[in-house]
Amino acid sequence: MHPALLITITTIISTLCYVSQCYVHPFGRCRKCHGKGRIPHRRGVRYCRRCDSTGLRLRLGRHVWNYVRRLHQDGR
Ligand SMILES: [Zn+2]
C-alpha cells in the first residue's frame, strides 16, 4: 500500500472518530482545573473562571459545529 494513501485513510478515520466524539460527548474536561472546577491557591482554593467552576468545557469540534449550524440558520 502506498504511504500517502495510508496517511489519508488514517486521517479520515481519526477525523470521523473525533466528530462522533464531539457529537456524543460535546463537553470535555476543563484543562485548567482538570475537571474539578476548583484550582488550589496559596490560601485555600479558587473557583475556575475558565469553565465557571463546572469543570467542563465545550470541545473545539463542537464549537465549529455550533458556528456552522448558526451560519446555516441565519442564511434562511
Ligand atoms: Zn475549569
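Remarks
- Answer from 38, 29 - the residue that is in contact with a Ser or Thr (Cβ under 9 Å, 6 or more places away or on another chain) and basic (Lys, Arg): 38
- Scanning the stretch 20-69 for residues that are under 16 Å from the mean Cα position of the chain (by Cα), within 16 Å of the ligand (Cβ to nearest atom) and among the polar types (S, T, N, Q) returns a single hit, 54.
- Strands (runs of 3 or more DSSP E) within the stretch 11-76 that include 2 or more residues loosely packed, with under 13 Cβ neighbours inside 10 Å and touching a Gly at 6+ places or on another chain (Cβ under 9 Å): none
- Residue check, residue 22 touching a helix residue (DSSP H, G or I) at 6+ places or on another chain (Cβ under 9 Å), on the phi < 0 side of the Ramachandran plot and modelled with pLDDT under 95: yes
The values are calculated or read from the model by the stated rules, or taken from the named source; none is laboratory data. Note that the structure is predicted; figures quoted are calculated from it, not measured. Here Cβ is always computed from backbone atoms with ideal geometry, including for glycine, and neighbour counts include all displayed protein chains.
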